[in-house]
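Asker: Pasting a structure below so you can have a look.
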Amino acid sequence: MTQHHTKAWRVRQIAAEKGEPVSAEEAEMLAELLPDEAMGASLGASAIITGLLAISLVSAPKNEVQVLLLFLYRGVMWELSILTMSLICGIMDLAKWLWDPQFSGPPAHLMGFVLGAGFGVVYLKQGWVDCENWDLFAV
């Protein structure tokens, strides 16, 4: 489904919700008038994953995660602290974004990380989580 057809479908959906249905032809004409930005955007699953990494960084930076590196037919596994893993992922995404600003993945990851870090700080400062002095501010 092309973006134009998606916009036309969205126009018909909104019109039906308001009790004023439009024909497919009218929706197609209205969709041509809408800018691409009218469809909205989302960060996606990878931004959610980096957001969860940021929450983990705030609540338990010294905990460890297992990392698996697959190269051809061999795999190597080792443990990294969440702090180290966050730094590696953040630096890689920042470098990818600076290398090619048109690429949309790294900025989405970084936005997810910033949002996750914000939520993690709020959880911690509001007392909604108890990290037993293992959080980022106590370590």
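The values are calculated or read from the model by the stated rules, or taken from the named source; none is laboratory data. Since the structure is predicted, the reported quantities are computational estimates derived from the model, not experimental observations. Note that we place each Cβ from the backbone using ideal geometry, even for glycine, and neighbour counts take in every protein chain shown.
Asker: For LEU69, only one of the following conditions fails: (1) closer than 30 Å to THR6 by Cα; (2) over 22 Å from the mean Cα position of the chain (by Cα); (3) among the aliphatic types (A, V, I, L, M). What is its number?
Answerer: (1)
Asker: GLU28 - would you say it is surrounded by 14 or more Cβ atoms within 10 Å (Cβ to Cβ), out of contact with any strand residue (DSSP E or B) (no Cβ under 9 Å at 6 or more places or on another chain) and under 30 Å from ARG12 (Cα atoms)?
Answerer: yes
Asker: Sticking with this structure for a sec: Hey, among the residues in region 88-133 that are among the aromatic types (Phe, Trp, Tyr) and either at pLDDT below 90 or outside any loop (DSSP other than H, G, I, E, B) (or both), which one's surrounded by the fewest Cβ atoms within 10 Å (Cβ to Cβ)?
Answerer: The residue in question is TRP99.
Asker: Of the numbered conditions (1) modelled with pLDDT of 85 or more; (2) under 30 Å from GLY127 (Cα atoms), SER42 satisfies every one except a single condition; which is it?
Answerer: Going through (1) modelled with pLDDT of 85 or more; (2) under 30 Å from GLY127 (Cα atoms) one by one, SER42 breaks only (1).
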